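Below: the structure, in structure tokens.
The values are calculated or read from the model by the stated rules, or taken from the named source; none is laboratory data. Not measured: the values here are computed from a predicted model. Ideal geometry is used to build each Cβ from the backbone, glycine not excepted, and the neighbour counts take in all protein chains shown. With ligands, DNA and RNA removed, areas are computed over all heavy atoms of the protein, side chains included. Shrake-Rupley method; radii C 1.70, N 1.55, O 1.52, S 1.80 Å.
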Amino acid sequence: RLLLFWTLGFVYSCLLALAMQKLLLPMVPEMHAGHGLLKNDAIIFHQAAAALADKIKESGWSEWMLYPTGFTGNVGVLAALYAWFGPEPAAFIPLNAAAHATGALMLVLIGPLLWPGKPGRLGGLAAGIAFVAFPSALLWYGQNHKDAFAIAGTLMMLYAWLRLQRPGETTGAVLRMFLLATVGVGLIAVVRPYFTMIVAAAFASS
């Protein structure tokens, strides 16, 4: 059921993000910066990634970097996608949608840890559904922003931390939680490297 929830969240996010880029924004010219992107950081990220992708095509993958000068990892990943598929922001949607669905799944899992039993399960499910479905979330997963990855990484760390507070966890479960937390830190590091040491220190000290 958890896999089904994640899959539905992923598909829903992909479809809405695609609709936003290809249908909704072109209908609102005062907000549309072209390429299905808003007139904010999204178009700046797109232009920086497209420029780096051109360098990759001209000189090879030695030009690629995860953190292009003045930008974070979302631009580096976007540049790699552009080098493979051309300058199409929709290529970033599956990654954003996967991160968004993962954040929602973490909320579903956190619910029973905060309130054991049926209330916690229902509360977690409601929070996860709301997280996926609220239209305001389109502002990050429907564009090429880094918020979906940072949120997913933070919630992964929170879930792992809450699990590790429970007595009686097996060694295997503890190792899995540390692995999950490490992946969460990695996601944060890709998009907000300045925040990595803070969250890692907070997790370690707890």
Test result for F85, open to solvent by 30 Å² or more (accessible area, probe 1.4 Å) and free of Cβ contacts under 8 Å to residues at least 60 places away in the same chain: yes
Residues that are of a type in the set (S, T, N, Q) and farther than 13 Å from A97 by Cα, drawn from the range 1-36: Q21
Residue within the range 142-163 that is over 16 Å from A99 (Cβ atoms) and aliphatic (A, V, I, L, M) present: yes
Residue pairs meeting the criteria (Cβ under 9 Å; at least 6 apart or on separate chains; first under 18 Å from L114 (Cα atoms), in the range 146-167; second outside any helix (DSSP H, G or I)): W161/S206; R163/E169; L164/S206; Q165/S206
I110 within 21 Å of V11 (Cα to Cα), open to solvent by less than 20 Å² (accessible area, probe 1.4 Å) and β-branched (V, I, T): no
Any chance G34 is in contact with a Gly (Cβ under 8 Å, 6 or more places away or on another chain) and either of a type outside the set (A, V, I, L, M) or at positive phi (or both): no
Residue list for the range 49-68, filter: touching a residue at least 60 places away in the same chain (Cβ under 8 Å) and open to solvent by 80 Å² or more (accessible area, probe 1.4 Å): Y67
Those residues of the range 12-38 which are in contact (Cβ under 8 Å) with a residue 40 or more places away in the chain, more than 9 Å from G142 (Cβ to Cβ) and assigned to a helix (DSSP H, G or I), in sequence order: Y12, C14, K22
In the range 168-206, the residues that are touching a residue at least 12 places away in the same chain (Cβ under 8 Å) and over 21 Å from the mean Cα position of the chain (by Cα): S206
Filtered residues of the range 121-154 (kept if closer than 16 Å to R192 by Cβ and more than 11 Å from the chain's Cα centre (by Cα)): none
Output for the range 88-98, where each listed residue is of a type in the set (G, A, S), open to solvent by 10 Å² or more (accessible area, probe 1.4 Å) and closer than 23 Å to G186 by Cα: A91, A98
So F71, is it open to solvent by 10 Å² or more (accessible area, probe 1.4 Å), in contact with a His (Cβ under 9 Å, 6 or more places away or on another chain), within 19 Å of A148 (Cα to Cα) and not polar (S, T, N, Q): no
Qualifying residue in the range 145-159 (condition: out of contact with any helix residue (DSSP H, G or I) (no Cβ under 9 Å at 6 or more places or on another chain) and over 17 Å from N74 (Cα atoms)): no
